[in-house]
Amino acid sequence: MSIWVLFLLLTAATVMAVLWPLSRPRNALGPASAREGEKLFYEEQLQEIERDLARGMFTPGEAAAAKAEAARRLIRAEARNDGETKSVDEPALRRRRATSALALSAIPLVAIAIYGAQGSPELPGQPLSARLQPIAETANMEMGEAVARIETHLQQNPEDGQGWEVIAPVYIRMGRFDDAAMAYRRAINLLGADAERLANFGEALVMASEGVVSSSAREAFEQALDVDPASPKARFFLATAAQQDGDEDRALAQYRALLADSPPDAPWVEVVSRRIANLEGGSVVARPESSGDGAGAIAGMVSSLQERLASQGGSAEEWGRLVRSYAVLGQEERAEQALADARRALAGDEPAIEAVESVARDVGILRE
């Protein structure tokens, strides 16, 4: 019950605070106070004009015009004050007081009545954590807004290395691989080149190249191994690079070494085992590779490249990349299908077809 007493006191105080000035005549302070205020404002305007003139923001002619305009405003204000010297008559003042008191008293009474009918005053208060939970869930769903806020922060604080490192994997989840590579590069420059950052940077470059281990990515992986020779991500992608180059013996040796050094439950073990089996000519069950590692991400990039080439076409280099990527993933039938699709798409361009067939020969898909 004490809470209602507190509400009553607060409401009474609010009503009195509003009614008190309304109970006074409009010109209780007199026109002299209004004129004094206008005069002070006019003097401040003149001082501001003088300061702007000294700073070179006004020419002497413009300053004179501004002063004249300020003077005209003062004259108009004094004329208004002279016309408003008559106070409100007493009957009108009483009506105004009564109307204000009724309005301000009715609002809290109506609010209490509505809450009593629609609210649940008997329910206990929720803990703060329970009240904040829906807000947290909404925030988690608004990934785009969160990324925008981080990007704004980084624009204002470009030297925040931790911020770049935080947003880089978010960019990868959003498919913004070029932005992810840029963010990892900034994090490396600001926080230092440790093995994990270098390997993540190289992986982002591979994803941006649709699964191809470029020279820049290879350099990042090699630097990661210089820092940590056991880095599994760097070792995996360097083996992938060897396989893409057609050096199957080197790729097989690197895959085997990585598998031998990996725990049995490591997320990349299945993928590496499939690569070894494909290179050794064994048979493996054709199922999608795990999406929990870089190889799964490469598979996604290859699928995206295939869809784009099928719908929009592409260059000989892109078709060759698709053929090579399927071969690296051990999907020989898809590589052969990609070669056939490339021949149809590039029909009439013999040099382009020859370039794709050259890639197919390098990876063992096309034999003489």
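The values are calculated or read from the model by the stated rules, or taken from the named source; none is laboratory data. Just so you know, these numbers come straight off a predicted model, no measurement behind them. As a convention, Cβ positions derive from the backbone with ideal geometry for all residues, glycine included, and neighbour counts pool all protein chains shown.
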Qualifying residue in segment 209-229 (condition: part of a helix (DSSP H, G or I), in contact (Cβ under 8 Å) with a residue 40 or more places away in the chain and surrounded by fewer than 24 Cβ atoms within 10 Å (Cβ to Cβ)): no
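Surrounded by fewer than 20 Cβ atoms within 10 Å (Cβ to Cβ) and of a type in the set (Ser, Thr, Tyr): does that describe Ser325?
Values: surrounded by fewer than 20 Cβ atoms within 10 Å (Cβ to Cβ): no; of a type in the set (Ser, Thr, Tyr): yes.
So Ser325 fails the test.
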Among (1) buried (at least 21 other Cβ atoms within 10 Å of the Cβ); (2) at pLDDT 90 or above - the single one Asp194 does not satisfy: (1)
Residues satisfying the stated conditions in segment 331-358, i.e. acidic (Asp, Glu) and assigned to a helix (DSSP H, G or I): Glu332, Glu333, Glu336, Asp341, Glu350, Glu354, Glu357
Evaluation of Ala224 against (1) modelled with pLDDT under 90; (2) more than 30 Å from Leu366 (Cα to Cα) (one fails), failing number: (1)
Exclusive hit being at pLDDT 85 or above, of a type in the set (Gly, Ala, Ser) and in contact with an Asp or Glu (Cβ under 9 Å, 6 or more places away or on another chain), set Ala360, Ala253: Ala360
Residue match in segment 283-290 (condition: within 20 Å of Val213 (Cβ to Cβ) and at pLDDT below 70): yes
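Which of the following residues is in a helix (DSSP H, G or I) and under 17 Å from Ser216 (Cα atoms): Ala146, Ala168, Ala183, Ala193? Working first, answer last.
Working: Ala146 fails: under 17 Å from Ser216 (Cα atoms); Ala168 fails: under 17 Å from Ser216 (Cα atoms); Ala193 fails: in a helix (DSSP H, G or I).
Of the residues listed, the single one that is in a helix (DSSP H, G or I) and under 17 Å from Ser216 (Cα atoms) is Ala183.
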Condition met for Ala310 (at pLDDT below 65 and farther than 22 Å from Ala234 by Cα): no
Selection within segment 326-368 - more than 23 Å from Ala241 (Cα to Cα) and of a type in the set (Val, Ile, Thr): Ile353
